[in-house]
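Here's the structure, in structure tokens; my notes come after.
Read-outs: derived from the displayed coordinates by stated rules, not from any lab. Everything numeric in this text was worked out from a predicted model, so none of it was measured. Here Cβ is always computed from backbone atoms with ideal geometry, including for glycine, and neighbour counts include all displayed protein chains.
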Amino acid sequence: MEHSSLLPLASLLAGSCALLAAAAAAAALLLAISAWLQRPRRVAGAFRRQGIDGPPPSSFLSGNLPEMQARAAAAAVAETGGRDFEKEGFDDYCKRIFPYFDKWRKAYGETYLYWLRRRPALYVSDPELIREIGRCVSLDLGKPTYLQKGQEPLFGRGVLKANGAEWHRQRKLIAPEFYMAKVKGMVELMVDAAQPLLRSWEGKVAAAPGGVAEVDVDDDIRSFSFDVISRACFGGDYSRGREIFLRLRALSGLMSETSVIFTIPSLRHLPTEKNRRIWRLTQEIRSLILQLASERRRAGAGAAAPDFLGSIIENSRGQPRADDFVVDNCKNIYFAGHETSAVTATWCLMLLAAHPEWQDRARAEVLEVCGGAAGAAAPDFDAVARMRTVHAVVLETLRLFPPSSFVVREAFRDMQLGKLRAPRGTYLFVPVSTMHHDAAIWGPTARRFDPGRFRDGVAAACKHPQAFMPFGLGARTCLGQNLALVEVKALVALVLSRFAVALSPDYRHAPAFRFIIEPEFGLRLLVRRLGHEDDGH
């Protein structure tokens, strides 16, 4: 009887404990919701105390995105037909493509706060703060998670988008493949890859009235760059590698139709027609890469080729995701070694065509280094390395038309960057093109094409050398920069030794954002074959 009389009390106590636990859980949930609701105000206050302000969010959930989309759409409508060529100089393309950033910079200064949905983003154009970001080697400052998710089909978790210890491990394994000692052995490969382009242009010129042909050069340059990276990546299997890269080009075209900033990440899982095409291409690319890798593995270590695929197969041993490591980093090399090179070579020829005096100076150097006559011997690595004028032309091209618009980082914990305290979750956006056109850094000729500014190197060309960042910033500077620079210089040297180029009257100048900055309407040149009367002999 005594035990049975205690049962109601025990039940009552148990019920009370359950109610207390439920109440505690509800209170914790309310506190979490309250903290989530109050975080923007708290973060904005923390930045305001550091002297950083910015545009108020136009939407509780979307932050400043609605205004950004509206201004970008208005700018696109205003310039649907492209623009006349800028004879007096080249404006920062960010002013046209991302007009909201320029507006806010004028209103709030070099560093300001805005909101991407519920996440704080700092626009950073203060050279000293950029220096601090570049100096930071903490693994807690990395590529933003929204880029990882939004661009996953293109990059996976390869070295370009990985973070933390995973990025550090991959960087150590892959970086040696792009050291100058490796690139040095690729110049002959580059010369071979350029031959179809040179023969095609020679044929078009020979068939053209007056010996001057109008040539749309984009596809030819892209094809050249495809061949270079395919041979470097896949060696004797480069023709099959080219099929992989063609699919990657199609995939990047699909994914660049809308900026990842404006897309809702969860929508990528919906079976829309576009998403199904992305999924299909992603699977085809994966299957083709793994098929090649499997054949290499079956061939055995004795048959390993001294190419990128052979290296990452070797380095994949012991990796937690061996197949993903191979696939993701083959996809990453497409962008590290192809996209930047192709678009830089295109802009470089555009600028040389528009500035014949620099075209003549660069050609004179090429002919002197390579043999002194039109159609001179193809350059080797040592010849390319001696071409200081060509090198300056390429650097000035990268200054005026950097392929990447922004260096973007995310703070994965509260971080101190110089005088700046950045809360966990803050995005940092450094506008590359804007820094490259800043007259306070480059002087009153910042808009002009003047390779002479680089005659004594980057440090002497501008007030703040850290403001020159065509290949990124700090520890995560692009792995493929040596390959890109040598490849572009080799192609420019080959073209200048055989042809004179001028802009077609049909050229419309309109840099466009498609992951990287490309000529929206392509590049059309007037091409003339050089003869002995052109070489000074």
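A few remarks follow.
- Simple label model, 7 Å out from Cα along Cβ direction - ARG169 to ARG41, nm: 4.4
- Extent along the principal axes, Cα only, for region 175-329: 61, 46, 26 Å, with the longest axis given first.
- Label point at ALA502 placed 7 Å out along Cα→Cβ; residues across region 199-214 whose backbone nitrogen lies under 17 Å: 205-206, 208-214
- Approximate spin-label separation GLU214-CYS17, in nm, with each point projected 7 Å along Cα-to-Cβ: 8.6
- Tail fraction, Cα-Cα pairs, region 298-418, threshold 23 Å, whole percent: 58
- Across the chain, the longest piece that holds none of the GluC sites (Glu not before Pro) lying in DSSP loops with up to 10 other C-beta atoms within 10 Å covers 258-537.
- Cβ-Cβ FRET estimate between ALA299 and SER138, R0 fixed at 51 Å, reported to 0.05: 0.75
- 5 angstrom amide H check on PHE406, placed H, neighbours 5+ away: VAL432
- DSSP loop trypsin sites (Lys or Arg not before Pro) with at most 13 other Cβ within 10 Å excluded, longest remaining stretch of the chain: 88-316
- With Cα atoms, 0 to 90° folded angle of helix 388-400 axis to the chain main axis: 40
- Amide proton proximity set for ALA512, modelled H, under 5 Å, gap of 5+: GLU518, GLU520
- Taking the DSSP bridge list for the chain and keeping only pairs wholly inside it, about 90 percent are antiparallel.
- MRE, 222 nm, helices only [DSSP H, n ≥ 4, -39500 (n - 2.57), over the chain, to nearest 500]: -17000 deg cm²/dmol
- You can think of it this way: the chain between ARG421 and ALA74 has 121.4 nm of extra reach, that is 0.36 nm per residue less the Cα-Cα gap.
- Amide hydrogen neighbours beyond the local backbone of MET415, cut-off 5 Å, H modeled: ALA422, ARG424
- Shape category assigned to region 231-277 from the gyration tensor of Cα positions, a/c cut at 1.5: prolate
- Sum of side-chain charges, ASP102 neighbourhood, beta-carbon under 11 Å (Lys, Arg +1; Asp, Glu -1): +4
- Matching label, semi-axes √(5λ) of the Cα gyration tensor in Å computed from the structure shown, candidates (1) 37, 28, 24; (2) 44, 28, 20; (3) 48, 30, 21: (3)
- Counted over all Cα-Cα pairs of region 478-521, pairs farther apart than 15 Å make up 66 percent.
- Modelled spin-label separation between ALA475 and ARG447, with each label point placed 7 Å from Cα along the Cα-to-Cβ direction: 4.0 nm.
- Available extension along the chain between GLU243 and ALA512 is 94.3 nm, counting 0.36 nm per residue and deducting the alpha carbon span.
- Taking 0.36 nm per residue of separation and subtracting the Cα-Cα distance, full extension of the segment from LYS106 to GLN50 would add 18.3 nm.
- All lysines inside 21 Å of LYS182 as judged from Cα atoms, apart from same-chain residues fewer than 8 positions distant: LYS172, LYS331, LYS489
- From phi via Karplus (6.51, -1.76, 1.60), per-residue ³J(HN,Hα) for region 321-328 in Hz, x at Gly/Pro: 10, 4, 5, 5, 4, 5, 5, 4
- The chymotrypsin sites (Phe, Trp or Tyr not before Pro) found in region 201-263 that occupy coil by DSSP, while having at most 15 further C-beta atoms within 10 Å, are PHE262.
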